[in-house]
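Inspection log for the structure reproduced underneath, given as structure tokens.
The values are calculated or read from the model by the stated rules, or taken from the named source; none is laboratory data. Keep in mind that this is a model prediction, so the values were computed, not measured. So basically every Cβ, Gly included, is an ideal-geometry build from the backbone, and we count neighbours across all protein chains shown. For the accessible areas, the whole protein counts, side chains as well, though only heavy atoms, and no ligand, DNA or RNA atoms are used. Shrake-Rupley method; radii C 1.70, N 1.55, O 1.52, S 1.80 Å.
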Amino acid sequence: MSLSDVGIEALAVALPRRYLPIEALARLRGVEPAKLTVGLGAREMAVPDPGEDSVALAATAVQRLLATSGLDPARVGLLAVGTESGVDSAKPVASFVQGLVGLPREARVFDVQHACYGGTAALLAASEWIASGAADGRVAIVVAADVARYGARTAGEPTQGAGAVAMLVSERPEVLALDLGVSGAFATDVHDFWRPVGRREPLVDGHYSIQCYLDAVAGASRGWRARAERRGLVTKGAPASAQLARLAYHVPFCKMARKAHLHVRRTELEDRLGRPLDADELAAEDAAGAASFERQVVPSLELPARIGNTYTAALYFGLTSLVRQGGPALGGQRVGLFSYGSGCASEMYSGVVGARASEVVARAGIDDLLAAREPLDGEGYERILALGAGEPLDEAPAPGAFRFRGVVDDKRTYARA
Ligand code: HMG
């Protein structure tokens, strides 16, 4: 049983039209392919053209959510977009989405920005808005939408991607009922990854960012564990993470989820012993940790491996993967989620997968969206990379999708198929 009747009722996604197989990037840059496939765990990376900006991706995902869930838009009392690739310093992505999709005017409409954590901050705020009674019977739509772009020939280049996940949040959590009140937050002021106003690509201290993420996952998982033990969701004394059916971590690149999971387990063991593990204990934990990663975490990596980093959306592509891979058998089971946003803020929380979750998620038609994508070669990728932010390719939107068309009279314009 979850600790609340609030959570994700349905979801829908948007993906860019094109992707680059990661071996093609390795060839283009003269890098050993295994460094990217094995070292980072990468497989394919979504490559958006400037027509597929965060507004177009978010609006496309919301439009699909309305179509597949049958939701009456008049019931939406809150629309929140978590993004770190907004298109305007004042006007939120959420306002564009409201207008493009035709959501009610009598609603709270806003963006949440905190690097990759923004989607989670929006989801938890929306869920608590409903649980508090302030929603007065209305529902919320939360969108995590981002374009993850790094400079050409930088260490971050193989970790790009783009996409959006739109979630209907309500008192009918058919996908995931949240354990509201059972979460661990951890935040510090660090410069691990940042993007000063006006810059298209972030500045990154890559190896330091991995350490910041690991410090955060240790702190956040401790907070979640303490509350989960107090509320009786996990048994005290036994490793808490092992009592979850599955875990999804923020995925900047797939190997990071492995590092995170091993770190959570080691933190739990060392906290219990009150000292660092010795060499024998470390060797035993290496083997047990690897097996538990395969069982508990690998199912969350299906879509992140096909799309790449999607910043705010990465964790929610991970959750979607868990539900797809788990099928009906995952219904009724508790899963853990860890969200990390550089800068940094993070949170670990949990929830119970709904009995019909895999059926509901199947309505998002993700296999068809993946199958419709076009692979790029190195040359095609370079051509898209060279386009200016205001220079979308001159092509029609895909069915049901929105596209940025350019700036007219200082205003961004969008088209829908
Ligand atoms: P790098 O320095 O080029 O790579 O960039 P490396 O030398 O560290 O190698 C990476 C891994 O490949 C290593 O494995 C190597 O051993 C292995 P590890 O030691 O980590 O297990 N390797 C090989 N394996 C097999 N065959 C080979 C081979 N060669 C090497 N031939 C880095 C890596 C992640 C730093 C870079 O991609 C980067 O800067 N990425 C962007 C930053 C990032 O993703 N940080 C993650 C944590 S911060 C975060 O998640 C937040 C974020 O999403 C933003 C937000 O919040 O908004 C980024």
With a 1.4 Å probe and every protein chain left in place, work out the accessible area per residue of the chain in Å², rounded to a whole number.
40 Å²
Per residue, the convex hull volume that the Cα atoms of the chain enclose (Å³)
132 Å³
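Sort the following peptides by mean Cβ neighbour count (other Cβ atoms within 10 Å, averaged over residues), highest first: 228-241, 132-145. Let's see the in-between values first.
Working: 228-241: 16.2, 132-145: 21.3.
With the highest mean Cβ count within 10 Å placed first, the list reads 132-145, 228-241.
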In whole Å, how far is the Cα centre of the stretch 52-91 from that of the stretch 192-209?
26 Å
Suppose only helical runs count, i.e. DSSP H with n ≥ 4. What mean residue ellipticity at 222 nm does that imply for the chain under -39500 (n - 2.57) per run, divided by all residues and rounded to the nearest 500 deg cm²/dmol?
-11000 deg cm²/dmol
Using the alpha carbon gyration tensor of the stretch 41-125, what are the three equivalent-ellipsoid semi-axes (square root of 5 times each eigenvalue), largest first, in whole Å?
22, 16, 14
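Average projected area of the Cα convex hull of the stretch 1-151, in nm²?
Directional mean of the projected Cα hull area for the stretch 1-151 stands at 11.3 nm².
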Using amide H atoms built 1.01 Å from N in the peptide plane, name the residues 5+ places from Val109, or on other chains, whose amide H lies under 5 Å from its own.
Leu79
At 1.4 Å probe size, what's the solvent-accessible area of Arg200? Round to the nearest 10 Å².
90 Å²
Can you give the three extents of the C-alpha atoms in the stretch 98-158 along their principal axes, from longest to shortest, in whole Å?
51, 26, 13
Spelling it out for Arg18: with amide H atoms placed in the peptide plane at 1.01 Å from N, the residues 5 or more places away or on another chain with amide H under 5 Å from its amide H are Val47, Glu374
I'd like the carbon and sulfur percentage of the solvent accessible area for the chain, probe radius 1.4 Å, heavy atoms only, ligands and nucleic acids excluded.
50 percent
If one builds a Gaussian network model of the chain from Cα atoms under 10 Å apart, the most fluctuating residue listed among Leu65, Leu262, Leu20 is Leu262
Taking the convex hull of Cα positions in the stretch 244-331, its mean projected area over all directions (nm²)
6.2 nm²
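Per the Kirkwood definition applied to all pairs of different Cα atoms, how many angstroms is the hydrodynamic radius of the stretch 58-214? Before the final figure, lay out the partial values.
Details: mean 1/r = 0.0591 Å⁻¹.
Roughly 16.9 Å, rounded to one decimal.
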Candidates Tyr208, Tyr249, Tyr381, ranked by Gaussian network fluctuation over the chain, Cα under 10 Å, top entry:
Tyr208
Regarding the stretch 263-412, what are the three Cα extents along the principal axes, ordered largest first, in Å?
64, 36, 31
Identify all aspartates and glutamates with a Cα-Cα distance to Lys411 below 13 Å; exclude those on the same chain that are fewer than 8 residues away in sequence.
Asp88
Largest fluctuation, Phe193, Phe317, Phe402 only, Gaussian network model of the chain with Cα springs under 10 angstrom, belongs to Phe193
Compare the peptides 52-60, 118-126 by average per-residue count of other Cβ atoms within 10 angstrom and give them in order, highest first.
52-60, 118-126
The stretch 157-177 to the stretch 317-375: how many Å between their Cα centroids?
7 Å
